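We did not get these values from a lab; they are worked out from the coordinates using the rules stated. Quick caveat: nothing in here was measured; it's all calculated off a predicted structure. Cβ placement follows ideal geometry from the backbone for every residue including glycine, while neighbour counts extend to all protein chains displayed.
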Amino acid sequence: MLTRITPDHPVRSSEITSETQYESRRQFLAEAGLIGLGVAGMALAARNAGAQTPQQGTSIGGAELKPELTPWDDVTSYNNFYEFGTHKSDPAEHATRFRTKPWTVKVEGLVSKPGSYSLEDFIKPHKLEERIYRHRCVEAWSMVIPWLGFPMADFIKSVQPLGSAKYVEFTTLLDPQQMPGQRSPVLDWPYVEGLRLDEAMNPLTIFAVGVYGKMLPNQNGAPLRHVIPWKYGFKSCKSIVKIRFTEGMPKTAWSVANPSEYGFFANVNPTVDHPRWSQAKERRIGEFRRRDTLMFNGYAQQVASMYSGMDLRRNY
Ligand code: MTE
């Protein structure tokens with residue numbers, strides 16, 4: 001077991017800054033077919049983000065990461081989405097005809113305003129912004145990705161969780177006809193993930209509906225996923241159809257499949273190894289060298305206080 005502690009690299013205040021925002025919300029919604037201008041579909045994915053005209057806006061996080069952005073081709077061709085196969089190239093290959101329209105998101109459980117939303121209604125009240133985040137997979141590879149989304153806290157406030165709600169559970173679509181991976185017992189389908197309510201409300205936690213200023217390609221979790229940048233990538237549930245507020249800790253797909261290897265918290269922690277490999281270093285996709293992994297993936301300043309007093313070795 002490695003005990004080396006890598007220095008913390010908190011996000012600097014300069015990171016919370018006025019940053020380029022893709023003000024193309026209308027265009028984005030149009031592309032997504034959300035304002036009735038037709039289906040752009042996967043053809044969009046091939047187009048370069050530079051085709052859009054960025055305008056000034058406010059965005060939180062990641063200005064200094066811009067030079068490190070992982071290219072579009074890698075972000076959209078090296079994926080984990082076991083519903084479409086277990087090889088990294090499977091999702092891009094097998095999700096091309098995945099239907100994301102119409103799409104309904106159900107909100108259930110301990111909440112004052114449960115409901116069933118079309119994707120359009122789910123997104124409409126929120127202002128989309130760009131978030132450039134480090135993305136660290138539990139398999140010790142990483143990327144830097146410019147997500148397009150909105151704070152999960154805004155959504156949570158709007159549906160008014162009851163005082164008894166302590167956790168939020170997210171569920172991916174179950175549709176073995178469209179998702180060939182669900183015909184094999186790789187996981188106990190559907191894919192389920194969960195967050196403690198304070199984690200879900202943290203300003204860094206977002207729902208993502210796009211990447212590189214474009215609607216999410218299917219392989220990245222279209223049409224709706226969430227992103228929690230200080231946690232290993234498996235915490236971010238793709239193609240979400242259900243959000244449930246609960247009192248008890250949700251049973252998540254990976255912790256059910258292999259509880260000794262995948263815990264509920266899954267905070268990026270270079271000092272706590274996966275039972276079968278070290279988490280001290282990572283390989284950024286596109287690079288040969290291995291980088292030091294940062295505590296909480298570099299977001300300790302914003303998130304460490306949520307875990308004060310907790311034994312992170314036990315709560316992996
Ligand atoms: N969500 C679903 N529904 N199915 C999956 O297999 N894989 C997870 C996560 N969300 C997964 C999922 C894992 S292990 C990672 S690392 C990230 O998605 C990968 O996201 P990306 O392909 O956009 O990089």
**Request:** Quote the relative contact order of the range 71-213 in percent (integer), defining contacts as alpha-carbon pairs under 8 Å separated by 6+ residues.
**Result:** 24 percent
**Asked** What aspartates and glutamates could a cross-link reach from Lys166, if we take a straight Cα to Cα line under 19 Å and drop same-chain neighbours fewer than 8 places away?
**Response** Glu108, Asp154, Glu193, Asp198, Glu199, Glu247
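Identify the GluC sites (Glu not before Pro) of the range 213-316 meeting these criteria: DSSP loop state and at most 14 other C-beta atoms within 10 Å of the C-beta.
Taking the range 213-316 and a limit of 14 other Cβ atoms within 10 Å, the loop GluC sites (Glu not before Pro) found are Glu247, Glu261, Glu287.
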**Prompt:** Around Ser77, with a cut-off of 13 angstrom between Cβ atoms, what is the net charge of the other residues, counting Lys and Arg +1 and Asp and Glu -1?
**Reply:** -3
**Prompt:** Can you pull the Rg over Rh of the range 72-215, Cα-only, Kirkwood?
**Reply:** 0.95
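Measure up Lys124/Lys235; Lys127/Lys231; Lys214/Lys281; Lys157/Lys231; Lys66/Lys242 against 29 Å on the Cα-Cα distance and list the ones that go over.
Values: Lys124/Lys235 25 Å; Lys127/Lys231 24 Å; Lys214/Lys281 31 Å; Lys157/Lys231 22 Å; Lys66/Lys242 33 Å.
Cα-Cα > 29 Å for Lys214/Lys281; Lys66/Lys242; rest within.
Counting only other residues whose beta carbon sits under 13 Å from that of Lys235, what net charge do I get with K and R as +1, D and E as -1? Let's see the in-between values first.
Values: positive: Arg136, Arg196, Arg225, Lys231, Lys238; negative: Glu169, Glu193, Glu199.
Summing Lys and Arg as +1 and Asp and Glu as -1 gives +2.
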**Request:** Could you work out the equivalent-ellipsoid semi-axes for the range 165-254, taking the square root of 5 times each eigenvalue of the Cα gyration tensor, largest first, in whole Å?
**Result:** 21, 18, 10
